[in-house]
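What follows draws every value from the coordinates through simple rules; no lab data is involved. No experiment lies behind these values; they were computed from the predicted model shown. As a convention, Cβ positions derive from the backbone with ideal geometry for all residues, glycine included, and neighbour counts pool all protein chains shown.
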Amino acid sequence: MALEIERRFLIASEGWRSLARQPQPLRQAYLAASADGVTVRVRLAEKDQAWLTLKAAADHSGLVRHEFEYAIPMGDAEALWSLAPHRLVKSRHGLNLEGGDWVVDCFEADNAPLLIAEVELPHADSPLTIPDWCGQEITGDGRWSNAQLAHHPLQHWSAEDRHRFGFS
C-alpha cells in the first residue's frame, strides 16, 4: 500500500531561497473531498505531465496518509480540470537539503502570498532537523491542506485569521 509520510511548515523567512531549484508550475483541481480527509485530485505540470491522485488519512496525526497516484493523459487531465469545482495554482521549488525530500510551495491567486515547506520522510519516526526558516508546523491541520485551500482560499479567510498567521 502506498504511504506518504510528510511534515509541513509555514515559512518564517527567506532562507530557503538559496537552496531552491528551478520552480515547477503546478495546477491542482479537486474532484472530490470527504469530511474525513479522502480527496481525489488531478495535478497538471507544465511539461505535459499529469496525475490522478487519491489520498486518505492513515493515522490520526495527519503525518501518514495513503497516497495512490497514477499518470494520466494530458487531455484527460485538462478535461478533469475543467470539471473540478475547486482549484489552486502554485509553483513548487525542490530544495537542495538533506534529511528528506524538501519542497516549498509558493501559492498564487487567492492563496497568495502563502508559502508552505513540506518534507517527505521514509518513516514516521525519521529524525528531522528543521531549518530555521521554517515557522509554525502545520502537519495535520486541515486548514492548510491543499484540498482545503482550493475550497476555501487564504484570501477568503477572516481578516482576524489571516492576521493571526501573519498574512494581511
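Below is a table of values for the structure above.
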{"quantity": "Compactness index (Cα Rg / 2.2 N^0.38 Å), the range 1-86", "calculated": "1.25"}
{"quantity": "Fewest-first ranking of Thr39, Thr139, Thr129, using other Cβ atoms within 10 Å as the exposure measure", "calculated": "Thr129, Thr139, Thr39"}
{"quantity": "In the range 18-97, GluC sites (Glu not before Pro) in a DSSP loop with at most 14 other beta-carbon atoms within 10 Å", "calculated": "Glu46"}
{"quantity": "Chain lengthening between Glu120 and Asn96 when straightened (0.36 nm per residue, less Cα-Cα)", "calculated": "7.3 nm"}
{"quantity": "Overall dimensions of the range 3-164 as given by Cα atoms, namely Rg and Dmax in Å", "calculated": "15.4, 42"}
{"quantity": "FRET E, pair Met74, Leu54, Förster distance 22 Å, beta-carbon r, rounded to 0.05", "calculated": "0.70"}
{"quantity": "Rounded D (µm²/s) - the range 70-151, Kirkwood Rh over Cα pairs, Stokes-Einstein at 20 °C, 1.002 mPa s", "calculated": "144 µm²/s"}
{"quantity": "Gain on full stretching of the segment that runs from Ser168 to Thr139 - 0.36 nm per residue minus C-alpha separation", "calculated": "8.2 nm"}
